[in-house]
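Chemist: First the structure, then my questions, so here it is.
Values in this text are rule-based calculations from the coordinates and carry no lab data. Worth saying up front: this structure is predicted, and the values here are computed from it rather than measured. Glycine also receives a Cβ, built like all others from the backbone with ideal geometry; neighbour counts cover every protein chain displayed.
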Amino acid sequence: MTTARYRRIVLKLSGEALSGEQGYGIEPKIIRSIANQVKEVAELNVEIAIVVGGGNIWRGKVGSEMGMDRATADYMGMLATIMNSLALQDGLETVGIPTRVQTSIEMRQVAEPYIRRKAIRHLEKKRVVIFAAGTGNPYFSTDTTAALRAAEIEADVILMAKNNVDGVYSADPKLDEDAVKFEELSYMDILNKGLAVMDSTASTLCMDNDIPLVVFSITEEGNIKRVVNGETIGTTIRGK
């Protein structure tokens, strides 16, 4: 019998979280660490979906700033998320967790196309589902993807795992020693204060669909399980 607070979660990982200290690419030991932490949660009978960014390989915004067509740059970023998703899938299956990658851009040789009902069925069968290629549309972030997929699969919460901060602060704690960490916020607080948690589209989507968000650090082993079990770590964002 599970003691977990949440029945179905969306775990949002930044691409940078996969790169470790090197800051780019994919660090195998980080993949192993995340896989082991996800396995701990899966053993609690929790249904797990994952959305991962691609910033460790390519950022569409950077390409656009270099003069590249924004849509083209964003599509390249979507391909980066597929590479990260396949690496995560391999890591999870290495530790015995059945996993499916579903992509918003069809790539049938390496992953399933995203189909909502099929994704839910995988989750019900206790398979981890990794949603890759963002929403399939340029101009939308993987934060928005996490919010959209969470709404579609009726997830109980989005867990936003960070590798460089342990919650939401009033300012960048690395630059401002007086920065204050928040334990709880509303989505209106995020929007009104301009806090850099997720983009406004994602925040509004979460607020409109009443999806709580927990921002926490993934660098400490076992933190995903702690959040799922209801321990108060990081920052919880909910409601208006």
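Chemist: At 30 angstrom or more along the helix axis (alpha-carbon based) and mean Kyte-Doolittle of -1.0 or higher, what helices does the chain contain? Whole DSSP H runs only.
Modeler: Both cut-offs are met by 70-94.
Chemist: Where the centroid of each part is defined by its Cα atoms, how far is region 12-45 from region 197-240 in Å?
Modeler: 17
Chemist: For the chain, what is the calculated [θ] at 222 nm in deg cm²/dmol (nearest 500), taking -39500 (n - 2.57) for each run of four or more DSSP H residues and dividing by its residue count?
Modeler: Value at 222 nm, helices only, nearest 500: -11500 deg cm²/dmol.
Chemist: Follow-up. Excluding the sites themselves, what is the longest stretch of the chain that contains no chymotrypsin sites (Phe, Trp or Tyr not before Pro) in a DSSP loop with at most 16 other C-beta atoms within 10 Å?
Modeler: 25-138
Chemist: Among the trypsin sites (Lys or Arg not before Pro) in region 171-208, which ones are in a DSSP loop with at most 16 other Cβ atoms within 10 Å of the Cβ? Mind listing them?
Modeler: Within region 171-208, the qualifying trypsin sites (Lys or Arg not before Pro) (loop, at most 16 other Cβ atoms within 10 Å) are Lys174.
Chemist: Which parts of region 26-49 would a label at Arg238 reach, counting a residue when its backbone N lies under 14 Å from a point 7 Å out along Cα-to-Cβ?
Modeler: none
Chemist: Out of Asn192, Ala155, Thr235, whose Cα points farthest toward the positive end of the dipole of the chain (charges: +1 Lys, Arg; -1 Asp, Glu; placed on Cβ)?
Modeler: Checking the options against the dipole of the chain, the answer is Ala155.
Chemist: By count of other Cβ within 10 Å, fewest leading, how are Thr219, Thr94 ordered?
Modeler: Taking fewest neighbouring Cβ atoms as first place, the list is Thr94, Thr219.
Chemist: What order do you get for 153-160, 11-18 when each peptide is scored by the mean count of other beta carbon atoms within 10 Å, highest first?
Modeler: Per-residue Cβ counts within 10 Å, averaged per peptide and sorted highest first, yield 11-18, 153-160.
Chemist: Most mobile of Ala132, Ala179, Ala150 per a Gaussian network model of the chain (Cα springs, under 10 Å)?
Modeler: Comparing Ala132, Ala179, Ala150 in a Gaussian network model of the chain, the most mobile one is Ala179.
Chemist: Given the pairs Lys61/Lys174; Lys118/Lys193; Lys125/Lys174; Lys29/Lys193, which are separated by over 32 angstrom at their Cα positions?
Modeler: Table pairs above 32 Å Cα-Cα are Lys118/Lys193; Lys125/Lys174; Lys29/Lys193.
Chemist: A further question follows. In whole percent, what relative contact order does region 8-238 give with Cα contacts below 8 Å and a gap of six or more residues?
Modeler: The value is 22 percent.
Chemist: If the viscosity is 1.567 mPa s and the temperature 4 °C, what Stokes-Einstein diffusion coefficient in µm²/s follows for the chain when Rh is the Kirkwood radius over Cα pairs?
Modeler: 73
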